[in-house]
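*Asks:* Here it is: the structure, laid out below.
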Amino acid sequence: MKTGHSAKRISPTPPAVHSVTAKRRAKPSSPGKKYAAIRRDLERQRKAMLAEVGEGLANPNGQEAFPDVSDQASVEADQNFSLRIREREQRLIKKIDEALDRMDQNIYGICERCQEEIPYPRLKARPVTTLCINCKTLEEQEEKIRR
Ligand SMILES: [Zn+2]
């Protein structure tokens, strides 16, 4: 907490807060830089997954590959399967988006539970995580107890 507020308060008109343009202020110590490599990974992964999902949506008539009617059941099973995969992908895309948001807000890499910094190797291995390994373990233990 900083308490070094000066008594000067000369600001008759409030500054335009909502000028959230492309201007991104560089803070003195920009912690976002620290995760540049992870951000690149996440963005690449997100793009690849979106392309995949988009492909699936653009070509819903996968049946053409199975002209035989007797294969219809397996086609449906395939579709259910790919639907489940797609759901999982979309969940992951959402997590990636959230991770990128946290990077923008400079709160990426901070454990949601204990507010400690999550060690870089863990982030590198699991970039969408929001918990440090201790808290993750605790959470898993709690979930087991609750069941
Ligand atoms: Zn923690």
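The values are calculated or read from the model by the stated rules, or taken from the named source; none is laboratory data. Being a predicted model, the structure only gives us computed values, none of them experimental. So basically every Cβ, Gly included, is an ideal-geometry build from the backbone, and we count neighbours across all protein chains shown.
Residues are listed down the side, and each one gets a yes or a no for (1) assigned by TED's automatic domain parsing to the domain that holds Ala36; (2) closer than 30 Å to Ala37 by Cα; (3) at pLDDT 95 or above; (4) of a type outside the set (Gly, Ala, Ser):
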position: Ala77; (1), (2), (3), (4): yes, no, no, no
position: Gln90; (1), (2), (3), (4): yes, yes, no, yes
position: Ile96; (1), (2), (3), (4): yes, yes, yes, yes
position: Ala99; (1), (2), (3), (4): yes, yes, yes, no
position: Thr130; (1), (2), (3), (4): no, yes, yes, yes
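*Asks:* Could you list, in sequence order, all residues of region 101-111 that are more than 14 Å from Lys34 (Cβ to Cβ) and within 11 Å of the ligand (Cβ to nearest atom)?
*Replies:* Matches in region 101-111: Cys111 only.
Residues checked against (1) more than 13 Å from the ligand (Cβ to nearest atom); (2) without any contact (Cβ under 8 Å) to a residue 40 or more places away in the chain; (3) in contact with an Asp or Glu (Cβ under 9 Å, 6 or more places away or on another chain):
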| position | (1), (2), (3) |
| --- | --- |
| Asp71 | yes, yes, no |
| Glu89 | yes, no, yes |
| Ala99 | yes, no, no |
| Arg113 | no, yes, yes |
| Pro119 | no, yes, no |
| Pro127 | yes, no, yes |
| Cys132 | no, yes, yes |
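*Asks:* Quick one: in region 134-147, which of the residues that are more than 24 Å from Arg88 (Cβ to Cβ) and surrounded by 11 or more Cβ atoms within 10 Å (Cβ to Cβ) is nearest to the ligand (Cβ to nearest atom)?
*Replies:* Asn134
*Asks:* Leu83 passes all but one of (1) farther than 20 Å from Gln45 by Cβ; (2) within 11 Å of the ligand (Cβ to nearest atom); which number fails?
*Replies:* If we test Leu83 against (1) farther than 20 Å from Gln45 by Cβ; (2) within 11 Å of the ligand (Cβ to nearest atom), just (2) comes out false.
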